[in-house]
Each structure stands twice: as C-alpha cells, then as structure tokens.
Amino acid sequence: MKRNPMTRDGYRALQDEFERLKKIERPQIIRAIEEARGHGDLSENAEYIYAKERQSLIEGRIGELEHKLGTAEIIDTSRLPSDRIVFGSKFILCNVDTDEETVFQIVGVDESDISQGKISVESPMAKALIGKKIDDDVTVDTPSGKREFEVVEILRD
C-alpha cells in the first residue's frame, strides 16, 4: 500500500475534518433527512433530495479521509537537515528574473496550499528542489514557462 507523506500539522488538519464530519455534520444531516421525510412525498421533496445528496458527499469524504489517515506517514519536521531541501523543509527562494523572495515549504499532497507557500511534494517545483542547497540555482517548468530560482536560505522551525 502506498504511504502518504505529510507533516504533523497536515495530519492534524485531516483528523480535525474527519472528526467534525463524523461528530457534527453526519448527525445534522441525519436529522435533516428525518425532518424532510416528515414533509410528505419524497419524490418531489427538495429538502429531502438535497439532504440525501449532502449525506452522500459527507459519507464519501469520510471514506476518503479514513483512507488518507490510514495511509499517512507523518514526517517529523523537527529534525530536518539544514544543509539541503527535503520533505517538510521551509526555505526562501529568490526569483532570478524579479529578485522577489518567497518562503515555501514542501508538504504532502493533501496539505498543499500555494497561497500559504505550501507546495506539494509531487509538484514539478518540489521535485526540482529536493536535494538542493543554499546558493543552488533551480530551473522549474511552470504553466507560464521556465522560471529560474536561487535557494537563498533553508529555515529552521
């Protein structure tokens, strides 16, 4: 079975969503279905149809989260090397063309969020960066073309 690497924070976020769906949203939708059933003819009852669709989405997401949590491989980011970029590393990259510096972290697929500087370990950018050291240049294929970056600093938590 394929393991799913993630940081402790990413695991916690998935676990929190799983618990919220099971303990709050699932019981709420069950009550909504019961209430909608009391309104009569189910074939034309929009509340019932919506509640059943919502229940299907919730149950699907619960199953997906169970799988992701079950295959999670939590990576301890407290003891990462500071001389090269690895999974979990936070680092500063400088765009060679614009001199703009940005902080990034390589994280698991399920916790990536580019607006927060978290890039998926499976992204082309992360693949190009793994193993790089301070002052290394990296060329990355992006949707808008090739971009060149320089590794400025590898940050410690």
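General remarks:
- Residues of segment 22-62 classified as surrounded by 13 or more Cβ atoms within 10 Å (Cβ to Cβ), small (G, A, S) and at pLDDT 95 or above, total: 0
- Odd one out for E53, checked against (1) of a type in the set (D, E, K, R); (2) touching an Asp or Glu at 6+ places or on another chain (Cβ under 9 Å); (3) over 27 Å from K2 (Cβ atoms): (2)
- Failed item in (1) in contact with a strand residue (DSSP E or B) (Cβ under 9 Å, 6 or more places away or on another chain); (2) under 30 Å from L14 (Cα atoms), with V152 passing the rest: (2)
- Residue in segment 130-140 that is in contact (Cβ under 8 Å) with a residue 40 or more places away in the chain and touching a helix residue (DSSP H, G or I) at 6+ places or on another chain (Cβ under 7 Å) present: yes
- Every test in (1) within 17 Å of the chain's Cα centre (by Cα); (2) hydrophobic (A, V, I, L, M, F, W, C); (3) closer than 19 Å to K118 by Cβ is passed by F18 save one, and that test is (3).
- Search result, residues across segment 97-118 that are outside any loop (DSSP other than H, G, I, E, B) and acidic (D, E): E101, D110, E111, D113
- Of residues in segment 74-96 being in a helix (DSSP H, G or I) and in contact with an Asp or Glu (Cβ under 9 Å, 6 or more places away or on another chain), the one nearest to I24 (Cα to Cα): T77
- Against the conditions (1) outside the structural domain of Y11 (by TED's automatic domain parsing); (2) over 22 Å from K2 (Cβ atoms); (3) part of a helix (DSSP H, G or I); (4) not small (G, A, S), V140 satisfies every one except (3).
- The residues of segment 104-157 that are surrounded by 13 or more Cβ atoms within 10 Å (Cβ to Cβ) and in contact with a Pro (Cβ under 7 Å, 6 or more places away or on another chain), listed by number, are G108, V121, V140.
- Residue within segment 89-98 that is touching a Ser or Thr at 6+ places or on another chain (Cβ under 6 Å), surrounded by 11 or more Cβ atoms within 10 Å (Cβ to Cβ) and either assigned by TED's automatic domain parsing to the domain that holds E17 or at pLDDT 95 or above (or both) present: yes
- Search result, residues across segment 60-73 that are assigned to a helix (DSSP H, G or I) and touching a residue at least 24 places away in the same chain (Cβ under 8 Å): R61, I62, L65, E66, K68, L69
The values are calculated or read from the model by the stated rules, or taken from the named source; none is laboratory data. Values in this document were obtained by computation on a predicted structure and should not be read as measured data. Cβ sites come from the backbone with ideal geometry, for glycine too, and all protein chains shown count toward neighbours.
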